[in-house]
Structures are given as C-alpha cells and as structure tokens.
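Peer 1: Could you have a look at this structure, given as structure tokens, before my questions?
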Amino acid sequence: MISLIGWAVAWIHIKSHWTLWLITLVIFGLWSSPIIVPVKIFIVFLHEFSHVLATWLTGGKVMALSISAQQGGAVTSQGGNSFIIASAGYLGSLILGAMIFILALRAQIDRWVVACLGGIMLILTLFYIRDLFSVAFCVVGGLLFLSAALFLSRTINDILLRVIGLTSMVYVPFDIFSDTLQRSHLRSDARIIAETMGGPTLFWGGLWFVLSLIVIYFVLRVSLRTPSTLSPSDRASA
C-alpha cells in the first residue's frame with residue numbers, strides 16, 4: 001500500500017512538471033548539436049556578467065568584456081577584490097541561472113525578466129564590448145530577447161526562461177569540471193585564485209564543483225516542491 005502511494009505521488013509530481021522533464025530531455029538530447037550552442041554561449045555571457053557585477057560591487061572598474069564562438073570569454077578590469085571577482089564567474093552564472101529558473105516557475109513576470117536580459121546585453125555592448133563576434137552576438141541576442149518580451153506570449157517567454165535556467169544548471173558544473181579539474185593547466189578562474197590565494201587549482205575547482213551541485217540540489221528541491229506546470233488558464237491569459 002505504501003509503495004502504491006509512493007508511486008502515485010511520484011506520478012503526480014512528474015505529471016505536474018512535465019514541461020521541465022521534456023525540456024531537460026531535449027537539452028540533453030541536443031547537448032552536442034549546433035542548436036544548443038547559442039544557449040551555451042549565453043551562459044558564458046552570464047559567467048562574464050557575473051564577473052562584471054562582482055567587479056562593481058567590490059569597487060573595481062570594468063574595462064572590457066568579450067565572449068567567443070568557442071564558448072570562452074574574458075572581462076578586463078581594474079581594482080576590486082580579485083578573489084570575489086574570480087569566484088563570481090562560475091558560481092555567479094549558476095546563481096543567475098537558478099534565479100531565472102525559479103522566476104519562470106514561481107512568478108508571472110516572464111516578459112519583464114526576458115526584457116531585462118535583453119536590456120543588459122545591449123547596455124553592456126554599448127559600454128564594454130568591442131570585438132566583432134561579441135558585439136554581433138549581444139546585439140542580436142538583446143534584440144531577440146526584447147522582441148520576445150514585446151511580441152510573444154507569456155507562455156513562450158516562460159519556456160525560454162526555463163530553457164536558460166535549466167541549461168545553466170547543466171552547463172556550469174560541466175564547465176567547472178572541464179576547465180578546472182579535467183584540464184587544470186588552463187588559465188581558468190580557479191588557476192588565477194590558486195596563484196593569488198595559494199593552494200592547487202584542483203582544490204578551488206573541486207570546491208566550486210561541490211558548491212554548484214549543492215546549489216542545484218536545493219534549487220530543484222525548493223522549486224519543484226509544488227506544481228508549476230503552465231495550465232490552460234495560463235496559456236489563455238498569455
């Protein structure tokens with residue numbers, strides 16, 4: 001009897017979040033395909049934007065920001081707390097992705113969130129981005145986000161945010177593992193901290209990797225506790 005109740009609860013949980021499971025399957029199915037690359041590059045943008053925020057918050061000055069088609073990026077800055085700035089990249093982009101994910105599930109402000117993302121991309125392009133690929137990606141991406149917020153339904157904007165949030169939570173721990181654990185010789189944020197604070201790159205990369213998994217666990221545990229599937233009434237009001 002207890003097992004039947006458990007299976008019933010699990011089925012209700014899966015059914016209430018069917019859009020999330022479907023999006024997750026699609027993301028993993030297309031992970032190595034060119035289709036998902038623009039989303040991955042946007043996660044890199046969130047990584048660099050996290051460095052920018054940390055620089056501002058610790059009293060530093062941002063000089064330039066760039067991203068690449070190879071899913072890399074860099075922020076040039078002066079001043080600020082180097083430890084916080086370097087740590088902000090992976091964990092900051094994960095937290096931003098988690099916030100986007102939670103807002104998509106729990107709030108009704110999808111259009112506003114999408115519009116803010118587009119506005120951030122365009123503003124940073126105006127002040128800090130100069131190389132051709134970064135300018136093209138951020139201008140096109142920013143205009144697409146603003147267009148989606150203005151002209152597409154709340155449902156589509158909601159799904160867009162869920163895709164971004166879920167992809168971030170998949171991409172960040174993978175990126176940490178690849179950049180700091182699997183290829184610890186790379187000039188990564190973990191290596192920069194190791195050179196300034198001491199300790200091996202593997203230690204800092206491993207610490208970030210564990211922290212990222214903890215954040216993802218609690219985000220999923222809290223956000224999936226209650227049903228959040230887009231209902232017919234949501235679609236009708238969109």
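Peer 1: When a/c reaches 1.5 or more, the comparison of a/b and b/c decides; with that in mind, is the chain rounded, prolate or oblate per its Cα gyration tensor?
Peer 2: Judged from the Cα gyration tensor, the chain comes out oblate (a/c at least 1.5, b/c at or above a/b).
Peer 1: For a quick check, take a GNM of the chain with Cα springs below 10 Å and name the residue from D158, D110, D175 with the largest mean-square fluctuation.
Peer 2: With Cα springs under 10 Å in the chain, the top fluctuation among D158, D110, D175 is at D175.
Peer 1: May I pose another question? Where a ≥ b ≥ c are the square roots of the eigenvalues of the C-alpha gyration tensor, would you call region 55-146 rounded, which needs a/c under 1.5, or, failing that, prolate if a/b is larger than b/c, or oblate?
Peer 2: Here region 55-146 falls in the oblate category.
Peer 1: Does anyone have the angle between helix 82-106 and the longest principal axis of the chain? Alpha-carbon axes, 0 to 90°, nearest 10?
Peer 2: Approximately 20 degrees, to the nearest ten.
Peer 1: Continuing with the same structure: Taking the Cα centre of the chain as origin, work out the dipole magnitude from +1 charges on Lys and Arg Cβ and -1 charges on Asp and Glu Cβ, in debye rounded to 20.
Peer 2: Dipole magnitude for the chain comes out near 340 debye.
Peer 1: In whole percent, how big is the carbon plus sulfur part of the accessible area of region 22-105, probe 1.4 Å, protein atoms only?
Peer 2: 70 percent
Peer 1: Let me ask you something else. Please work out whether region 149-220 counts as rounded, prolate or oblate from its C-alpha gyration tensor, where a ≥ b ≥ c are the square roots of the eigenvalues and a/c under 1.5 means rounded, while otherwise a/b larger than b/c means prolate and anything else oblate?
Peer 2: Here region 149-220 falls in the prolate category.
Peer 1: Turning to a different aspect of this structure: Report, to the nearest whole %, how much of the accessible area of region 135-205 belongs to carbon and sulfur atoms, 1.4 Å probe, protein only.
Peer 2: So the carbon and sulfur contribution to the accessible surface is 73 percent.
Peer 1: Right, next: For the chain, report the accessible area per residue in Å² (1.4 Å probe, heavy atoms, rounded to an integer).
Peer 2: Computed with neighbouring chains in place, this is 52 Å² per residue.
Peer 1: For region 52-174, give the magnitude of the charge dipole about the Cα centre (Cβ charges: +1 Lys/Arg, -1 Asp/Glu; no others), in debye to the nearest 20.
Peer 2: 120 debye
Peer 1: At 222 nm, what value in deg cm²/dmol follows for the chain if DSSP H runs of at least 4 each add -39500 (n - 2.57) and the sum is divided by all its residues, to the nearest 500?
Peer 2: My calculation for the chain gives -24500 deg cm²/dmol from helical runs alone.
Peer 1: Using +1 at the Cβ of each Lys and Arg and -1 at the Cβ of each Asp and Glu in the chain, identify which of L22, S33, T180 lies farthest towards the dipole's positive end.
Peer 2: Selected residue: L22.
Peer 1: In whole percent, what relative contact order does the chain give with Cα contacts below 8 Å and a gap of six or more residues?
Peer 2: 22 percent
Peer 1: Name the residue from S93, A148, L126 whose Cα lies farthest towards the positive end of the charge dipole of region 15-151, charges +1 on Cβ of Lys and Arg and -1 on Cβ of Asp and Glu.
Peer 2: About the Cα centre, the residue reaching furthest to the positive side is A148.
Peer 1: For region 101-212, what does the relative contact order come out to in percent, with C-alpha contacts under 8 Å and a separation of six or more?
Peer 2: Answer for region 101-212 is 24 percent.
The values are calculated or read from the model by the stated rules, or taken from the named source; none is laboratory data. Because the structure is predicted, anything quoted here is derived from the model rather than measured. Counting neighbours? That spans all protein chains shown, and the Cβs are built from the backbone with ideal geometry, glycine included. Note: areas computed on protein heavy atoms with side chains; ligands, DNA, RNA excluded. Shrake-Rupley method; radii C 1.70, N 1.55, O 1.52, S 1.80 Å.
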